[in-house]
């Protein structure tokens, strides 16, 4: 396991460092979380779609100057009823994209709640990006770009208005996240990022923690 | 807590094993039996001494002591049929594919540790002439490794299930000790962490022994595992190679057949409260009619009608039924791999409905669980997190089931 992703295996001969990052998508249902990520992943490599889990779990690679960032993108259920289960998904995530719909003010309120929750409960170093999706629906805009922009600045978030439909800012958003992520040794190897999550979960269950929630 | 008993390589006479080829193994069979017996007893006495730091040592060390002495009496039967079929594999490849023959006589012969890596790496280093060649070679490689894997599996199956073979004897006695330690009237949920640690340790140590017979079954050696048993599902990106820890993959069915009933009982005891709660939630949801369930779990509205069978299009209903059918069998499974497969199958069935998105997947899994009505799901999920070798996608799968499980539990009447 430790040598996974080692240079011995690289078919293209490149010896770039590959960093694995878990990215979680949050936002009210219907804001286009999945469309956004499908556009990001499918835009370039349509054959990378995994058949088994469809669009709920996708991987996509972004090449930066000196490193290759591989995102493991976890989609979540946006329905309010499932809100309490979200921590299971964003546990151990290094990046989160909080999506709202610029034509629906409620989804922006909801997005702010997500951001608050992430800042409170997720890992302290998590990179949060706020995405105002459906930017193609400018005519029926309810959330002003200035409001969102200033909110993002106040909270230290990446912010972009995106459109999955017209492919606006989608690649840019993920590229910005990739650039902002720390490429330190601690976050990069697979074993370093994912196995602690599993053991966390085990420990939590082992303590009977899940029955008290 | 978890002790890593990684078999120190220097104690296994691998160098000796490596230098042996199939032919001299066949001629010097008697010699190699002696060698391997020595290796086995060496290894066992090593684990024996290592065990003294551990709480469950008394029954085991006693047992191991018996084992190592009984090894002197028992002959180790070599995988003769396997050697025969393996040694002819290069010719097969040559014949079918006109691939240049690997440097070594028998690349996948037992005890020829270096040869599989060298042959494969030489193939990889070779300048690729045409992409088709590459693909067909990869396919053949996978095919070949599957063949070898099946042969080894067959051999181990036989070895583990007869008391004429040391491995069979070992497993039989370990089962007795394991059952006596953790099962029966003394079964208690507080034993679970110890049972988990011991199961891990047993698998690791048995793996160490099996590696003496099949050195290429390395769990940690990157080259070997990629040459032999890496699972490649249509991916060419090296990162998508899955290190399945081949040896453990082979051993899990054999070991868990014996230990699983005892072990899962402890898991069930441990999760008694949560599983009762889950069952109450299930009963609550099952008592509703389908319209209400669909609304309750916030099933995507445009699909609601179709899932309740009100629509003429019954495809989605069938998919949900299919998914829950593949979950119903999990009460009769016992290896982590099989559990994962049936969990994955449920996802595959659902993916026929529409593009699986998070908004759809979680409610759909809740619905599938309600229909499948699997008891003790919490215990099974916990077991899987402990023992399954997961890829990132599997982690997502497990988290989704866990989320659905918690959702049902939280919405049980009387819980908060």
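The values are calculated or read from the model by the stated rules, or taken from the named source; none is laboratory data. Keep in mind that what you see is a predicted model, and the values were worked out from it rather than measured. Here the Cβ positions follow ideal geometry from the backbone for every residue, glycine too, while neighbour counts run over all protein chains shown.
Does the stretch A:5-28 hold any residues that are part of a loop (DSSP other than H, G, I, E, B) and modelled with pLDDT of 85 or more, and which are they? It would help to see each step written out before you state the result.
To start, the set of residues in the stretch A:5-28 that are part of a loop (DSSP other than H, G, I, E, B) comprises A:5-6, A:10-16, A:27-28.
Hits for the stretch A:5-28 are A:27, A:28.
Does the stretch B:322-339 contain any residue that is more than 10 Å from chain A (Cβ to nearest Cβ), more than 27 Å from residue B:269 (Cα to Cα) and free of Cβ contacts under 8 Å to residues at least 60 places away in the same chain?
Yes, there is a match, as at least one residue in the stretch B:322-339 is more than 10 Å from chain A (Cβ to nearest Cβ), more than 27 Å from residue B:269 (Cα to Cα) and free of Cβ contacts under 8 Å to residues at least 60 places away in the same chain.
All but one of (1) in contact with a strand residue (DSSP E or B) (Cβ under 7 Å, 6 or more places away or on another chain); (2) buried (at least 23 other Cβ atoms within 10 Å of the Cβ); (3) within 13 Å of chain B (Cβ to nearest Cβ) hold for residue A:114; which doesn't?
That leaves (3) as the condition not met.
Could you check how many residues of the stretch B:363-412 are closer than 21 Å to residue B:199 by Cβ and touching a residue at least 24 places away in the same chain (Cβ under 8 Å)?
Result for the stretch B:363-412: 16.
Working carefully through the options A:61, A:52, find the one that is surrounded by fewer than 21 Cβ atoms within 10 Å (Cβ to Cβ), farther than 27 Å from residue A:148 by Cβ and modelled with pLDDT of 85 or more. Even if it seems obvious, please write down each step before you answer.
Working: A:52 fails: modelled with pLDDT of 85 or more.
One residue alone meets the criteria, A:61.
Looking at the structure I just gave you, is residue B:264 within 19 Å of the chain's Cα centre (by Cα), at pLDDT 65 or above and within 10 Å of chain A (Cβ to nearest Cβ)? Step through it out loud before you land on a result.
On the way: within 19 Å of the chain's Cα centre (by Cα): yes; at pLDDT 65 or above: yes; within 10 Å of chain A (Cβ to nearest Cβ): no.
No.
Whether any residue in the stretch B:391-398 is within 27 Å of residue A:93 (Cα to Cα), more than 8 Å from chain A (Cβ to nearest Cβ) and in a loop (DSSP other than H, G, I, E, B) is what I want to check.
The answer is yes, given that some residue of the stretch B:391-398 is within 27 Å of residue A:93 (Cα to Cα), more than 8 Å from chain A (Cβ to nearest Cβ) and in a loop (DSSP other than H, G, I, E, B).
Would you confirm, using the coordinates I've provided, whether residue B:344 is modelled with pLDDT under 90, part of a helix (DSSP H, G or I) and within 21 Å of residue B:387 (Cα to Cα)?
Spelling it out, residue B:344 is indeed modelled with pLDDT under 90, part of a helix (DSSP H, G or I) and within 21 Å of residue B:387 (Cα to Cα).
Being away from chain A (no Cβ under 12 Å) and at pLDDT 80 or above narrows it down to one of B:350, B:362, B:303, B:367, so name that one. Write out each step before concluding.
Values: B:350 fails: away from chain A (no Cβ under 12 Å); B:362 fails: away from chain A (no Cβ under 12 Å); B:303 fails: at pLDDT 80 or above.
The unique qualifying residue is B:367.
Residues being under 23 Å from the mean Cα position of the chain (by Cα), under 15 Å from residue B:331 (Cβ atoms) and outside any helix (DSSP H, G or I): count how many of those fall in the stretch B:367-390.
Within the stretch B:367-390, residues that are under 23 Å from the mean Cα position of the chain (by Cα), under 15 Å from residue B:331 (Cβ atoms) and outside any helix (DSSP H, G or I) number 3.
Please go through the stretch A:68-97 and pick out each residue that is more than 9 Å from chain B (Cβ to nearest Cβ) and within 15 Å of residue A:127 (Cβ to Cβ).
Matches in the stretch A:68-97: A:69, A:71, A:73, A:90, A:92, A:93, A:94, A:95, A:96, A:97.
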